[in-house]
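The values are calculated or read from the model by the stated rules, or taken from the named source; none is laboratory data. Note that the structure is a prediction, hence the values are computed from the model and not measured. Here the Cβ positions follow ideal geometry from the backbone for every residue, glycine too, while neighbour counts run over all protein chains shown.
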Amino acid sequence: MYSEAVLTFASGASHEGVVGQFTHEAVSGEPGEGAFIRIALCLELESISCARFETYSCPAAKACSEIVCRVAETIGVENVETLTAKDVIVLLGGLPEGKHFLADMAVQTLKRAVRQPLDPQGAGPRG
């Protein structure tokens, strides 16, 4: 059973939908093949001015992605590495058994996105 917080964040996800002009991006999983999360960021110096996500229809995946995006916009680039799956689970008032991996997936996707700037020529991630 989902907590009230999970249901609230999943149904009112204000960070859902990827923005057109982003500077960093990462994807975990494969769209259409089960669990996946895509996070796109707009980084300006050491701040994250916008964070957006795409995921599949699971309420836990949407809630975890929403929390990660909200937190990212407030803590800044330098603190992203300190965010943990446990932090996300606590902020959501818990997750059902078998759904904890989604908190980790969202956090790890965010961390990879911060480290993966897009090629300015539009050829995808650099490196």
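Values as computed for the structure displayed
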{"quantity": "Residue in segment 24-47 that is within 16 Å of residue 91 (Cα to Cα) and buried (at least 20 other Cβ atoms within 10 Å of the Cβ) present", "calculated": "no"}
{"quantity": "Residue satisfying condition, being under 17 Å from residue 39 (Cα atoms), without any contact (Cβ under 8 Å) to a residue 12 or more places away in the chain and polar (S, T, N, Q), within set 82, 74", "calculated": "74"}
{"quantity": "Residue in segment 96-118 that is modelled with pLDDT of 95 or more, surrounded by 12 or more Cβ atoms within 10 Å (Cβ to Cβ), within 14 Å of the chain's Cα centre (by Cα) and farther than 21 Å from residue 9 by Cβ present", "calculated": "yes"}
{"quantity": "Flag for residue 67 being buried (at least 22 other Cβ atoms within 10 Å of the Cβ), closer than 25 Å to residue 119 by Cα and at pLDDT 95 or above", "calculated": "no"}
